[in-house]
1. Just to confirm the number: angle between the C-alpha axis of helix 220-240 and the first principal axis of the chain, 0 to 90 degrees, nearest 10?
2. Relative contact order for the stretch 129-184: what percent, with Cα pairs under 8 Å and sequence separation of 6 or more?
3. Using Cα pairs under 8 angstrom and six or more residues apart, how large is the relative contact order of the chain, in percent?
4. Which value, in debye to the nearest 20, gives the size of the charge dipole of the stretch 338-466 about its Cα centre, when Lys and Arg are +1 and Asp and Glu are -1 at the Cβ?
5. For the stretch 52-83 and the stretch 153-192, what is the centre-to-centre distance using only Cα atoms, to the nearest Å?
6. How high is the FRET efficiency between residue 110 and residue 49 when r is their beta carbon distance and R₀ equals 25 Å, given to the nearest 0.05?
7. Rounded to the nearest 0.05, what FRET efficiency is calculated for residue 353 and residue 444 with R0 set to 25 Å and r the Cβ-Cβ distance?
8. List every residue whose amide H lies under 5 Å from the amide H of residue 402, counting only residues 5 or more places away in sequence or on a different chain, with H placed 1.01 Å from N in the peptide plane.
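Derivation of every value follows stated rules applied to the coordinates shown; laboratory data play no part. The structure presented is a predicted model; accordingly, all values stated were derived computationally and were not measured. Note that we place each Cβ from the backbone using ideal geometry, even for glycine, and neighbour counts take in every protein chain shown.
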Amino acid sequence: MLDRVAEFIARHRMFDLGTPEAGQRVGVAVSGGADSVFLLHGLRELARHLDSLRNLRLSVIHVEHGIRGRASVADAEFVAQLASTFALPFHIRHADVPAMDGNLEQAARNVRQAFYAELIAARAVDRVATGHTRTDQAETVLYRILRGSGLTGLSGILPVTGEVLIRPLLEIDRSEIEAWLREHGVAWREDETNRDRTYARNRLRHEILPLLRDGFNPQLDQALSNLATLARDEEAYWKSQGLLPQPPTPNPQPLILCASQLADAPPALARRLVRRAVEIVKGDLHGIDFAHVERVLEMARSAEGHDRMQAPGLDVCRSFDWIRFAPPGPWAPAADFSVSLQIPGSVELPGSLTRITLQVLEKEELARPCATVVNELDWRRFYRGEGAPSLELRNWRPGDQYRRVGQTKPEKVKFFFQEARVPLWERRDWPIITYDGKIVWARRFGAAAEFATGPETRSVLQVAETGW
C-alpha cells in the first residue's frame with residue numbers, strides 16, 4: 001500500500017526534493033484518527049526507505065478545537081506523544097471553536113487553515129500534508145452531486161492545492177488504512193462526533209453510501225473518485241487554453257463581458273466564462289449554483305437590452321451588449337460632484353484616474369498628434385474681457401439636455417446615451433462641462449452648437465481627456 005502512496009506522490013509532484021533545501025519541511029496534520037496516523041507512519045517509512053524522499057523532514061501539526069471537552073484534550077495528548085516517540089517537531093494550536101460565530105465545521109476548518117498559513121509564513125514548514133482518503137473523496141463528490149454542483153465542484157478534494165496543501169492518500173480507501181494499522185499494531189483515536197448523524201456528512205458516510213454500495217455498485221468509491229479525476233482534468237484543460245479571463249492585479253475590479261460573446265459561445269465555454277468572471281469578482285464560487293449561471297446566460301441571449309440579477313456576494317447587470325459582474329453596491333459615487341475649472345489647467349474626475357485638461361490655443365498652433373483631443377470650442381464665446389470665464393466640470397444628472405453640433409433643437413443627454421449605447425453603469429459619473437449653468441461640452445458627444453468652433457474661430461478652447 002505504501003508503494004501506491006509513493007507512486008501517487010510522484011505522479012502529482014507533491015514534493016520538490018531535487019535539492020537539500022527544496023520543499024523538504026512537511027508538516028503532517030494529525031488529528032489522532034486512523035487516516036492521519038497512517039499518513040504520519042507512511043511518510044516516515046517512505047522517507048527512510050526511498051532515495052527520492054531522503055530529504056524529507058517531517059513535523060507534526062495538531063489543532064485542538066475544544067469541541068469535545070476532555071476527549072479533545074486527550075486527542076492532543078495522544079498526538080503529542082506520537083510526535084515525541086518519533087522525535088519530530090510538534091506544532092499545536094488550541095482554539096475555542098464552539099465560542100465562535102457561524103457553522104461549527106466551517107469555523108474549525110478556518111482555524112486549521114489559518115494555523116497552516118502561519119506555519120508556512122514562518123517557514124516552519126514548506127507544505128502541509130493532510131490525511132484525506134479516497135473514501136473522503138467519494139463522500140465529497142456524492143455530497144456535491146446532491147447539492148447540484150458543477151464540474152468545478154465535482155473535482156472534489158484536490159491532490160495539491162496551491163502547491164502548499166497536499167493529500168497523499170487520495171487513492172487509498174479508509175478500510176485499507178484501518179486494516180494496515182491493525183496489522184502493524186498501531187493505535188489511533190476515534191472521534192465520536194463522526195457517528196453523529198445529525199451532520200449531513202455522517203448520514204452520507206453511515207447510511208447513504210453503504211446503501212448505494214450494497215444495492216448498486218460495490219466499487220462506488222472508485223467510481224466517484226474517477227469522476228473527480230475526470231472533472232479535475234477537464235477544468236485544468238480549460239484553464240490551460242487561455243480562453244478564460246484572468247484576475248486583474250493588484251485588486252479585482254468589476255468585470256465586463258460582451259453579451260454576444262456569451263450568447264454565441266458553445267454552452268460548455270459560456271458557463272465556464274460566467275463562473276470564471278464570478279470567481280474573479282467575488283473571490284470564490286460559494287453560493288453560486290447552476291441556476292445563477294443559467295440566469296446570466298439567459299440574460300446574455302435575450303434580445304432585451306437591460307436586465308439585472310443578484311446572487312450571494314454578486315451583482316450582475318446587462319446594459320445593451322455588455323454584462324457587468326460586480327460586488328453588491330452602487331455603480332458610482334452616491335453624491336453628485338462639481339469642480340471649478342481653471343484655464344489653462346487640468347482636473348482629475350472624482351473616484352477615477354481620468355483627467356480633463358483645458359488649454360487655449362491659437363488656430364495656427366493646433367495639431368492633432370494623438371486621439372486625446374476629444375473636442376474644441378470657440379474661446380471668444382466664453383471670454384468677455386472681464387477676466388477668465390467660470391467653467392464647471394460636473395457629473396451628468398437626469399434631465400440634462402443641450403443642442404449638439406448639427407442639431408436643430410436640444411436633446412436630453414439620456415437620448416445620446418441610448419443612441420451611443422452607453423451602459424447604465426457608466427452614466428452616473430459621465431463628465432459634463434457647463435458655463436453659466438449651460439452645458440457646453442459632454443464626453444463623447446462633444447461641443448454644444450452655440451460654443452462650437454467655426455471658420456471664423458481664431459482662439460480654440462481645447463478639451464482633452466486622458467485615462468478613460
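1. 30
2. Numbers: 50 pairs, mean separation 28.0, N = 56.
Once normalised by length, the contact order is 50 percent.
3. 11
4. Dipole of the stretch 338-466, to the nearest 20 debye: 480 debye.
5. 15
6. On the way: r = 37 Å, r/R0 = 1.47.
So the FRET efficiency works out to roughly 0.10.
7. 0.90
8. 411, 413
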